[in-house]
Amino acid sequence: MRIIHIVGTLNPGGIERIVVDLAIAQKQIGHQPCVCCVLRREGLFLNILQRYEIPVFDACSKGLPWRIGKALAHVLEQFKPDVVHSHVNFSLFWQVIGVKRVRSVPFIVTQHSLMSVSSLGRLRARLLYRLAQKHIALHTAVSRYAACYAAWLYGIPLNAIRVIYNGVHVSHYKFNPERRAELRHKWGIPPDGFLWGSVGRFDPTKGHDLLLDAFAQAVQRVPSLWLALVGKGDLEAILKAKSIDLGCNDRILWLGQREDISDVLSAFDGYVQPSRQESLSLAILEALANGLPVVATKVGGIPEIASYAGSVVNLVPPEDPEALATALQAIEQWQKLNVPRNSLLPEVFSFQTMLESYQRCYQEVCNQ
């Protein structure tokens, strides 16, 4: 089967990671996948796809959304896919136009992100979706919460949207005791130190400002606490200045963008996700696969992870640094939770489960 995956770019991110992993796995089982960028053909994941000889096409709009239709039609003429799978919802109408300009190919869209839209923006989204809807073979979402959001945004029945949870390779995030010891020694973490970690771009929706407020309170009460932040973003300088003002910067590791996420997770003792909004949170799934207990805000699709993972995911209210600080202090309950440290990831969030679910979708729409 020939499959086109549509993304914005191939810069590091949750959506991009899912697309890259799907394309690689699909090629390994005998399909012919490719990836098409509709914002910019750029990003660190380009090299990974090239290593696996997976084509990456350019259908960028150059600031004019209607150009996506023409560019995508040209890609379809070259690649001749059996199914088109879009992972981005902006310019959805023009993506459909591009697909239908060339040939009748089943078009699947997955709701990954939760966009903030005005009343006028929602009205426009509904109008364009109605024009495109008859050409969309299947609408999926990465969580029930994301499905509810799509139903609200586009004005479509909730039962018309199929939930397929994002999944991760447990083997890719396996706990590594040797790398744990090496990294903790390099970072200066004492033997009795409890290292909380968080991975994600420095963006207002990720709630790092709340985490700093909470950590500053928690470390005063439990001096053995440390915090590691992995990522980059526009707020980095502001957050660093805030940590200095709070007097806790000497207990915080600013690790930047990392490619050795499995090793970094192995060095942590617990994982914290202070988000203001999440459609699901791939980072939490990766942490669970590494065997880490999780403290996270009760927002978006995160409670769905907790409903499967149970007590290893401790949910706290959003926008509540006091509650988050209390959760960060309660380290005794985690220290003997998972020794030896094995995966805590529920099977429903495994990569294989996700891969097989999408495979059934492709076969279904191609047989219609």
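Quick note: the coordinates plus some simple rules give every number you see, no bench work behind them. This structure is a prediction, so every number in the text was calculated from the model and none was measured. With ideal geometry, Cβ positions are generated from the backbone for all residues, glycine too; neighbour counts draw on all protein chains shown.
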Could you go through region 271-287 in sequence order and give the Karplus-derived ³J(HN,Hα) for each residue, using 6.51 cos²θ - 1.76 cosθ + 1.60 with θ = phi - 60°, rounded to whole Hz, and x for Gly and Pro? 10, 10, 10, x, 4, 8, 7, 8, 6, 8, 4, 5, 4, 5, 4, 5, 5
Percent of Cα pairs exceeding the 11 Å cut-off, where the set is region 51-92: 72
Quickly work out the Leu158-to-Ala330 label distance, labels modelled 7 Å from Cα along the C-beta direction, and quote it in nm with one decimal. 2.9
Points 7 angstrom from Cα along the Cβ direction at Ser104 and Asn342: gap in nanometres? 5.1
Diffing region 352-368: the Karplus 3J(HN,Hα) column from phi (6.51, -1.76, 1.60, θ = phi - 60°), in whole Hz with x for Gly and Pro, holds 4, 4, 5, 4, 5, 5, 5, 4, 5, 4, 4, 5, 4, 6, 6, 8, 6
What is the Cα radius of gyration of region 35-164 over 2.2 N^0.38 Å, N being its residue count? 1.06
Evaluate the distance, in nm, between pseudo-label points positioned 7 Å from the Cα of Ser118 and of His172 along their respective Cα→Cβ axes. 3.8
Built amide H within the under 5 Å cut-off of Gly300, gap 5+: Glu278
Taking the Cα centre of each part, how many Å lie between region 158-232 and region 95-129? 34
Over all alpha-carbon pairs in region 170-347, figure out the percentage whose distance exceeds 24 Å. 28
For a Förster distance of 22 Å, can you work out the FRET efficiency between the beta-carbons of Arg179 and Gln257, rounded to the nearest 0.05? 0.80
May I ask for the net charge around Phe351, where only other residues with Cβ less than 14 Å from the Cβ of Phe351 are counted and Lys, Arg are +1 while Asp, Glu are -1? -2
What's log10 of I(q)/I(0) for the chain at q = 0.09 Å⁻¹, Debye sum over Cα points only, no solvent? -0.53
Cα pairs beyond 19 Å in region 263-320, in percent, come to 19
Which angle between 0 and 90 degrees, to the nearest 10, do you get for helix 119-132 versus the longest principal axis of the chain when only C-alpha atoms count? 40
With 0.36 nm assigned to each residue of separation and the Cα-Cα distance removed, Asp250 to Gln78 gains 56.4 nm
Region 89-156 shape via C-alpha gyration tensor axes, a/c threshold 1.5: oblate
Cα-based helix-to-principal-axis angle, 66-79 vs the chain, degrees rounded to 10: 80
Prolate/oblate/rounded call for region 23-85, Cα gyration tensor, a/c under 1.5 rounded: oblate
At R0 = 35 Å, FRET efficiency that the Cβ-Cβ distance of Arg360 and Arg40 yields, to 0.05: 0.65
What is the set of long-range amide H partners of Cys36 at a cut-off below 5 Å, with H atoms built 1.01 Å from backbone N? His5, Ile6, Val7, Phe57
Under 14 Å from a point placed 7 Å out from the Cα of Trp187 along the Cα-to-Cβ direction: which residues of region 246-264 have their backbone N that close? 250-264
Given Cβ charges of +1 for Lys and Arg and -1 for Asp and Glu, the option among Val163, Gly256, Leu210 whose Cα lies farthest towards the positive end of the dipole of the chain is Val163
